[in-house]
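The values are calculated or read from the model by the stated rules, or taken from the named source; none is laboratory data. Everything quoted here is computed from the prediction, not taken from an experiment. Cβ atoms come from the backbone with ideal geometry, glycine included; neighbour counts cover every protein chain shown. Heads up: the accessible areas ignore ligands, DNA and RNA and are worked out on the full protein's heavy atoms, side chains in. Shrake-Rupley method; radii C 1.70, N 1.55, O 1.52, S 1.80 Å.
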Amino acid sequence: GAVVSQHPSRVICKSGTSVKIECRSLDFQATTMFWYRQFPKKSLMLMATSNEGSKATYEQGVEKDKFLINHASLTLSTLTVTSAHPEDSSFYICSARRLAGAPAESTDTQYFGPGTRLTVL
Amino acid sequence: GENVEQHPSTLSVQEGDSAVIKCTYSDSASNYFPWYKQELGKGPQLIIDIRSNVGEKKDQRIAVTLNKTAKHFSLHITETQPEDSAVYFCAASVDQFYFGTGTSLTVIP
């Protein structure tokens, strides 16, 4: 259990276009999903926290109008990189945390997706 | 806010030897400490976690110890195998995760 998928795994786009990345919890309901960005050989940088049905909370320095997050259901969150530029090229990873009250499993743990490699030309 | 430091940044061990990675944290309110293994081009995978009401936890070759007073926790891998080679991240959490900077572990056959 606790599988998180991301789609696409890789995407190459032209500068100025928008890219949507999907994050799904496959076998559990996620009260909260997180979006991270990771540069080569670096740690994970939290971009935003999204709760189902409410607006995402963005970390300082992350442009909310550039990185649009939608958490429409308990199993799906999307990150849209709008008007992408080469500096947005990165590895984007989502994670999901179980619905509070889920039996026999931790609600503290974040389960990570496999990541999406974005390259903006 | 929380600050998590992780050492060493790189670690090479001979197959069969033990590996130890250490993390310190600053916020005494942190109460959950997971460890993740990340292979190249993949997302982090949870390998073990510990809560602040426990001092030690073990799962086969992997163990984690927590010293709340000193605010540090460590990952111990015994009988290392080449497939243990990866980057390992610690994290400290009250709500959101604060990650360490990662340790690149290489197990030499």
At A:Ser89 and B:Asn3, where each label point lies 7 Å from the Cα along Cα→Cβ, what is the point-to-point distance in nanometres? 3.4 nm
Once a ≥ b ≥ c are taken as the square roots of the eigenvalues of the Cα gyration tensor of the protein assembly as shown, is the result rounded (a/c under 1.5), prolate (a/b larger than b/c) or oblate (a/b not larger than b/c)? prolate
Highest GNM mean-square fluctuation, chain A, Cα pairs closer than 10 Å: which of A:Gly53, A:Gly16, A:Gly61? A:Gly61
Based on the alpha-carbon gyration tensor of the stretch A:7-48 and its eigenvalue square roots a ≥ b ≥ c, which shape applies: rounded if a/c is under 1.5, prolate if not and a/b is larger than b/c, or oblate? oblate
Cα-based reach from B:Lys68 at 20 Å (exclusive), listing aspartates and glutamates while leaving out same-chain residues under 8 positions away: A:Asp108, B:Glu2, B:Glu5, B:Asp27, B:Asp49, B:Glu56, B:Asp95
Considering Cα pairs under 8 angstrom that are at least six residues apart, work out the relative contact order of the stretch A:1-57 and quote it in whole percent. 27 percent
In Å², rounded to the nearest 100, what is the total accessible surface buried by chains B and A against each other with a 1.4 Å probe? 1400 Å²
Computed ³J(HN,Hα) along the stretch B:68-84: with the Karplus parameters 6.51/-1.76/1.60, θ = phi - 60°, integer Hz and x for glycine or proline, the list is 5, 4, 7, 6, 9, 9, 9, 9, 10, 10, 9, 6, 4, 10, x, 6, 7
Taking the Cα centre of chain A as the origin, how large is its charge dipole in debye, to the nearest 20, when only Lys and Arg (+1) and Asp and Glu (-1) carry charge on their Cβ atoms? 300 debye
Equivalent ellipsoid, chain B (semi-axes from 5 times Cα gyration tensor eigenvalues, Å): 23, 14, 12
With a ≥ b ≥ c taken as the square roots of the eigenvalues of the C-alpha gyration tensor of chain A, please select rounded if a/c is under 1.5 and otherwise prolate if a/b is larger than b/c or oblate if it is not? prolate
HN-Hα J couplings of the stretch A:25-41 from phi, Karplus 6.51/-1.76/1.60, θ = phi - 60°, integer Hz, Gly and Pro as x? 8, 7, 10, 7, 8, 10, 6, 9, 10, 10, 10, 10, 10, 9, 8, x, 6
Give me the distance between the Cα centres of the stretch A:3-28 and the stretch B:1-51, rounded to whole Å. 26 Å
Suppose all protein chains stay in the model; what accessible area per residue would a 1.4 Å probe give for the protein assembly as shown, in Å²? 49 Å²
Please turn the phi angles of the stretch B:26-41 into ³J(HN,Hα) values with the Karplus equation 6.51 cos²θ - 1.76 cosθ + 1.60 (θ = phi - 60°), one per residue in order, whole Hz, x for glycine and proline. 10, 8, 5, 7, 4, 9, 9, 9, x, 10, 10, 10, 10, 8, 4, x
List nothing, just return the count: lysine pairs in chain A, 8 or more apart or interchain, with Cα separation under 19 Å. 6
Nonlocal amide H pairs with B:Val94, under 5 Å, H built at 1.01 Å: B:Asn31
Under 5 Å from the placed amide H of A:Ser89, counting only residues 5+ away or on other chains, we find A:Val120
Computing the accessible area with a 1.4 Å probe over protein heavy atoms, can you report the carbon and sulfur percentage for chain B? 47 percent
